[in-house]
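Undergrad: The structure's right below; bear with me while I get my questions together.
The values are calculated or read from the model by the stated rules, or taken from the named source; none is laboratory data. Predicted model, so just to flag it, every value in this text is computed and none were measured. Cβ atoms come from the backbone with ideal geometry, glycine included; neighbour counts cover every protein chain shown. Heavy atoms of the whole protein, side chains included, go into the accessibility calculation; ligands, DNA and RNA do not. Shrake-Rupley method; radii C 1.70, N 1.55, O 1.52, S 1.80 Å.
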Amino acid sequence: MDTVIAKKIIDLKNKDLKLRNELIKKEKLSNGYNEEMEALHNANAKELSQIIDEIGYPTIDKVGKEASEAAWLIIQHSIGQPEFMKKSAEMLKKSVQENKADPISLAYLADRIAVFEDKPQLYGTQFDWDNNGKMNPNQVMNSK
């Protein structure tokens, strides 16, 4: 396991969560995509992309469970980098097939990509507020 890379990935996640908490406290997170958050998400995606180019998808055997989960969170939040999300999803899919990553992470990422592409999601993991102010799943693929 590469502990140096693992620490880098965990640090990226911690920056994300720290800023998120600060923006929540300042009530600056619920009105659209906050510019500061967007900038951090893009920077984190760029740095993680460089790591992935170096080591491949950060699976548990490569970086440990915490860093692998942190990588997934960074990818989930990289909504301004759709090609990076798709590339990561393909690598994650391969890792899941090799039993080196959590299939639940793949389900969440696949659904998130579908929602941002305005397509129905497969697993129903992504939710949003409807016109009545209620939380509902985004469109889900018809199971017929």
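Undergrad: Within the range 46-71, track down each residue that is within 12 Å of the chain's Cα centre (by Cα) and crowded, with 22+ Cβ neighbours inside 10 Å.
TA: Looking only at the range 46-71, we keep the residues that are within 12 Å of the chain's Cα centre (by Cα), and these are 48, 68-71.
Selection gives L48, S68, A70, A71.
Undergrad: Now, a different point. Might you let me know whether the range 9-25 holds any residue that is surrounded by fewer than 17 Cβ atoms within 10 Å (Cβ to Cβ), modelled with pLDDT under 95 and assigned to a loop (DSSP other than H, G, I, E, B)?
TA: Within the range 9-25 (the criterion being surrounded by fewer than 17 Cβ atoms within 10 Å (Cβ to Cβ), modelled with pLDDT under 95 and assigned to a loop (DSSP other than H, G, I, E, B)), the answer is no, since none of the residues qualifies.
Undergrad: Of all residues in the range 30-40, which are open to solvent by 40 Å² or more (accessible area, probe 1.4 Å) and assigned to a helix (DSSP H, G or I)?
TA: Within the range 30-40, the first condition is being open to solvent by 40 Å² or more (accessible area, probe 1.4 Å), and the residues that meet it are 30-33, 35-36, 38-39.
Passing the criteria: E35, E36, E38, A39.
Undergrad: So N132 passes all but one of these: (1) at pLDDT 95 or above; (2) open to solvent by 20 Å² or more (accessible area, probe 1.4 Å); (3) polar (S, T, N, Q). Which condition number does it fail?
TA: Status for N132: all satisfied but (1).
Undergrad: Moving on to the next point. Take the conditions open to solvent by less than 70 Å² (accessible area, probe 1.4 Å), over 22 Å from I5 (Cα atoms), acidic (D, E) and modelled with pLDDT of 90 or more and apply them to E83. Does it pass?
TA: Numbers: open to solvent by less than 70 Å² (accessible area, probe 1.4 Å): no; over 22 Å from I5 (Cα atoms): yes; acidic (D, E): yes; modelled with pLDDT of 90 or more: yes.
For E83, the condition - open to solvent by less than 70 Å² (accessible area, probe 1.4 Å), over 22 Å from I5 (Cα atoms), acidic (D, E) and modelled with pLDDT of 90 or more - is not met.
Undergrad: Those residues that are aromatic (F, W, Y) and closer than 20 Å to E38 by Cα, I need them from the range 56-87; list them, please. Walk me through it before giving the result.
TA: Going residue by residue through the range 56-87, those that are aromatic (F, W, Y) are 57, 72, 84.
Residues satisfying the conditions are W72, F84.
Undergrad: Let me spell it out: the conditions are (1) within 25 Å of D118 (Cα to Cα); (2) within 16 Å of the chain's Cα centre (by Cα), and G32 meets all of them except one. Which number is the exception?
TA: Failed condition: (2).
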